[in-house]
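I have placed the structure first, in the form of C-alpha cells, so that the comments after it can refer back to it.
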2 protein chains.
Amino acid sequence: MLHFDQIVQLIADDLGAVEAKLTEQTASEYSFVDMAVQHVVEGGGKRLRPILVVLSAKACGYEGPDAHTLAAVVELIHVASLVHDDVLDEASIRRGRETLQTKWGNKVAVLVGDYLHARVLAMLVSRRADDPAMEILADTTQAMCEGEVIHAYKSGDFDITVEEYLKIISFKTGKLIAASCTLGAHLGITDERQIAALTTYGQQIGTAFQIIDDLLDFVEAPEKLGKNAFGDLREGKLTFPIIAARSRCDDVEKAKLEHVLNPHTDEAEAIAFVQSLFQRYDVEPHCLTVAQTYADYAKAALAALPHSSARTALEQLADYVVSRDA
Amino acid sequence: MLHFDQIVQLIADDLGAVEAKLTEQTASEYSFVDMAVQHVVEGGGKRLRPILVVLSAKACGYEGPDAHTLAAVVELIHVASLVHDDVLDEASIRRGRETLQTKWGNKVAVLVGDYLHARVLAMLVSRRADDPAMEILADTTQAMCEGEVIHAYKSGDFDITVEEYLKIISFKTGKLIAASCTLGAHLGITDERQIAALTTYGQQIGTAFQIIDDLLDFVEAPEKLGKNAFGDLREGKLTFPIIAARSRCDDVEKAKLEHVLNPHTDEAEAIAFVQSLFQRYDVEPHCLTVAQTYADYAKAALAALPHSSARTALEQLADYVVSRDA
C-alpha cells in the first residue's frame, strides 16, 4: 500500500512545478502585498487539491503544464477560503504559523483573500476559449459560498441534523475537491462517464476529508494539527462528531451539551463532558466508519477508469484521507 | 445643465433592465442566501457604475442588453467591495440600512461578498469567447485589492503623502469606475484612442468621486450620508481632507492631529479640533478645487468622442460627482 509520502513522491516533479506556478502567479509589484500573500501561499498544507488535479489528469492520460496551472488555481481558491475562514473564526494559528489577521489585522487578511480570488480570475482569463475550467470553477466557488453562508446562518441552530450537515460540507469542502478531479479529468478525456466518475470520487473523498477534519479537532494533539485543539468546540461550532453524538443523546444530555457549547461555559468542563459523550457513544469509531464508507464509495467510482499507477494512487489517497492524523 | 435625476431619466429604461439583471443574477436557491444578498443588492446607492457603462456604450454607438449585463457585473463587484469594507470598518449603517454584519454577523457578511464575486465569475463565463470584459475585470479586481491592502497597511502611517493617497484611491476606487467606462466603450467601438479616452475619463472622475466622498464624511449630515458622520475620523482613518490639512500644519498642530486621530481621544474634542483646522486651512474649498480639477480633466478627455446626448450626460456627470451632497 502506498503511503501519502509515496504518492507525493510519485508526482514530485509535477508538484514542484505547481509550487513554482503558485509563487509566480501570486507575485505583486507591491512588496507588502507580496509578503502577505506569500505568507499564506507558502504556508504549506498537504496540497491535496493539486495532487488530485495532477493524479486525475494522469489517470485520464494527460501529462503537461495545464495540470500545473489548474492545480495552482484550485489551491489558490482553497487558500483564499482558509484566509477568510481564519478571519471569521478569529483563529490565531494555522498550519503552525501565525494567521494573517494576527500578524497584520483583519483588514489585510480579508483583502488578501480577495486578492487571491482576483489572481485566480486572471489565471483563468489567460486560458483558451473552449476551456471548461472557468465554468466549473464559477459553479464551484458559488456552491462553496452558499455552503459557508448556510453553515454560518445555521451556526446557532442546535437542531441541525446529520443530513443537513452533510449537505453543507458537500458544498463547503466537497465541491472544490470534486472540481480538482473534474478539471484534471477534462485535460485528458472527453468521455463524460469517466469524467463524472472522477467528480464523484472527489465529492465523496471531500466528505470523508471533512468528517476526519472535524474529528481531529477533538482527538489530535495541537502540535500535529498546526492549530489549537478543540477550536471548533470553543467557538461553539457544531461539526460532525458533535452532531452525530447529539443524535444519540437523551434529553438530559442534550441540555447539557447545549450548555457546554455556549462559549461562556468553562472550557475544561466543556471538554470533559464532550469527551465523556464521545466515550459513551463511540463517537470516534463512528466517525471513522462513516468516513471510510465515503472513501470506499469514492474508490468504487474509480472502476470506470482504466488501470494505471495514477488510479492506484487515487485509491490509496482515499484511504489516506480517513487514516491521516493531521 | 442636466441634473443627476435628469441623467437617470435619460436612461431610465436601461437602468430598469440593469435592476432586473441584478435581481435575476444574484438569486440563490437557498432562501437565506437570497435574502442576505438582496438586502445589499437592493440597498440602492446611486448606481454610478451602471450609469457609466450604459452612457459609455451609448456614447460609442451601442444600445442593447450587453450593456445591462456588464453594468450589473460592475455593480456587483462594487457591492461586494462595500460589504467587505463594512465588515472591516465595523460599520453598522450603510445607505440608511443596517449592514449585513449588524443583522447577521461578520461571517455572513464576508461570505455574501464572496458569493457576489462568484456570481460575477458565473456571469462572465456565460459571455462570448472574444469578450475583453473578463481580462479588464481581472486586472481591475486585482488592482482594487492591491489598493485596499496598501491602504490597510498604511492606515497606521501618519506620514502618508497626498500623492501616495491619490495613488491608493486611483486603485481602490478609480479602477472600477474606469473599467465601467472601458467596458461600455468596448461594446460600441474598436478605436483604441476613443476607448482610452473613456478609460481616462472614468479614472479621473473616480478620483474626484473619492475625494468628495472623503470630504462628505466631515461636512455632511448623517441623514443625507445614510451612514454615521465622522466615521472615518472616529476610526482614525487618514483620508484626503485630513492628509491635505496635515500638509499645511505646523509641528504643534501635527502633534495635536495625531492625538485626536487616536480612537481613544474624546470624540467631541477630535471633531472640534479637526473642524478648526478645516476652517484655518480652507480644507473644504481646497478639496472641492482638487476634485473639480480631476472632473475638468475627465471632461476634456471626452473631446475624443463624437458629440451625442450620452457624451453630454457624461460631461454633466463629472460635475455632479463634485457638486453632489450625498
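Given the criterion open to solvent by less than 10 Å² (accessible area, probe 1.4 Å) and either modelled with pLDDT of 75 or more or more than 8 Å from chain A (Cβ to nearest Cβ) (or both), identify the matching residue among B:116, B:121.
Criteria check complete, one pass: B:116.
Go through segment B:61-85 and count every residue that is among the hydroxyl-bearing types (Ser, Thr, Tyr) and farther than 18 Å from residue B:114 by Cβ.
Matching residues across segment B:61-85 total 2.
Give the residues of segment A:190-234 that are among the β-branched types (Val, Ile, Thr), at pLDDT 95 or above and more than 14 Å from the chain's Cα centre (by Cα), sorted by residue number.
Those that are among the β-branched types (Val, Ile, Thr), at pLDDT 95 or above and more than 14 Å from the chain's Cα centre (by Cα): A:195, A:199, A:200.
Scanning segment B:287-297 for residues that are surrounded by fewer than 19 Cβ atoms within 10 Å (Cβ to Cβ) and in contact with a helix residue (DSSP H, G or I) (Cβ under 7 Å, 6 or more places away or on another chain), which turns out nearest to residue B:253 (Cα to Cα)?
Filtering first and then ranking leaves B:288.
Condition (residue is at the interface with chain A (Cβ under 9 Å from one of its Cβ atoms), under 14 Å from residue A:148 (Cβ atoms) and open to solvent by 20 Å² or more (accessible area, probe 1.4 Å)) applied to segment B:131-151: is it met by at least one residue?
no
Mind telling me which of the residues A:57, A:72, A:80 ends up being over 30 Å from residue A:308 (Cβ atoms), open to solvent by less than 10 Å² (accessible area, probe 1.4 Å), at pLDDT 90 or above and hydrophobic (A, V, I, L, M, F, W, C)?
Within the list A:57, A:72, A:80, the selection yields A:80.
From B:185, B:268, which residue is over 16 Å from the mean Cα position of the chain (by Cα) and free of Cβ contacts under 8 Å to residues at least 12 places away in the same chain?
Going through B:185, B:268 in turn, just one is over 16 Å from the mean Cα position of the chain (by Cα) and free of Cβ contacts under 8 Å to residues at least 12 places away in the same chain: B:268.
Only one of these is within 14 Å of another protein chain (Cβ to nearest Cβ) and aliphatic (A, V, I, L, M): B:41, B:33, B:18. Name it.
Being within 14 Å of another protein chain (Cβ to nearest Cβ) and aliphatic (A, V, I, L, M) holds for just one of B:41, B:33, B:18, which is B:33.
A quick yes/no check of all residues on (1) part of a helix (DSSP H, G or I); (2) open to solvent by 60 Å² or more (accessible area, probe 1.4 Å):
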| site | (1), (2) |
| --- | --- |
| A:242 | yes, no |
| A:262 | no, yes |
| A:269 | yes, yes |
| A:275 | yes, yes |
| A:285 | yes, yes |
| A:299 | yes, no |
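Spot the failing condition for residue B:246; the list is (1) of a type in the set (Lys, Arg); (2) farther than 30 Å from residue B:55 by Cβ; (3) open to solvent by 50 Å² or more (accessible area, probe 1.4 Å), and only one is missed.
Here residue B:246 meets the rest and fails (3).
With the structure loaded, tell me whether residue A:54 is of a type in the set (Val, Ile, Thr) and under 15 Å from the mean Cα position of the chain (by Cα) or whether it fails that test.
no
So is residue B:154 basic (Lys, Arg), more than 8 Å from every other protein chain (Cβ to nearest Cβ), under 30 Å from residue B:290 (Cα atoms) and open to solvent by less than 60 Å² (accessible area, probe 1.4 Å) or not?
yes
Would you please name the residue that is least open to solvent (accessible area, probe 1.4 Å), looking only at residues in segment B:96-112 that are more than 8 Å from every other protein chain (Cβ to nearest Cβ), assigned to a helix (DSSP H, G or I) and not aliphatic (A, V, I, L, M)?
It comes out as B:101.
Can you pull out every residue in segment A:10-39 that is among the aliphatic types (A, V, I, L, M), farther than 15 Å from residue A:75 by Cβ, free of Cβ contacts under 8 Å to residues at least 60 places away in the same chain and open to solvent by 50 Å² or more (accessible area, probe 1.4 Å)?
Matches in segment A:10-39: A:27, A:35.
The values are calculated or read from the model by the stated rules, or taken from the named source; none is laboratory data. It should be emphasised that the depicted structure is a prediction, and the values quoted were computed from it without experimental measurement. Counting neighbours? That spans all protein chains shown, and the Cβs are built from the backbone with ideal geometry, glycine included. Each accessible area value is taken on the protein alone, full model and side chains, heavy atoms only, with ligands, DNA and RNA left out. Shrake-Rupley method; radii C 1.70, N 1.55, O 1.52, S 1.80 Å.
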